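Structure record follows, encoded as structure tokens.
The values are calculated or read from the model by the stated rules, or taken from the named source; none is laboratory data. Predicted, not measured: the structure shown is a model, and the values here were computed from it. Backbone-built Cβ (ideal geometry, glycine too); neighbour counts: all protein chains shown.
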Amino acid sequence: MEGVEGIEEYCGQCGEPKTPGTTGHERCAARAELEPPRYCAQCRRRMVVQVLPQGWSARCVEHGTITG
Ligand SMILES: [Zn+2]
Ligand SMILES: [Zn+2]
């Protein structure tokens, strides 16, 4: 994929920048399998998370809603 859209700059679980070579997000990745992200990966804003019967949705005021 090309372009700015969809680039994950921040960890959705801990909100820390996902710079190349950064370690320590393995646990976040594991947790992301079970829990919705708390932070927008693109702008680090706190997201409004809703747990749904079939999964979850997380909304960033700037980047919209993602579901899982
Ligand atoms: Zn993390
Ligand atoms: Zn955002």
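Summary table below
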| item | result |
| --- | --- |
| Wholly within the chain, strands (runs of 3 or more DSSP E) carrying at least 3 residues that are surrounded by 14 or more Cβ atoms within 10 Å (Cβ to Cβ) | 55-60 |
| Matching residues in segment 34-52 - criterion: being within 13 Å of ligand 1 (Cβ to nearest atom) and free of Cβ contacts under 8 Å to residues at least 24 places away in the same chain | 35 |
| Residue match in segment 3-21 (condition: at pLDDT below 90, under 11 Å from the mean Cα position of the chain (by Cα) and hydrophobic (A, V, I, L, M, F, W, C)) | yes |
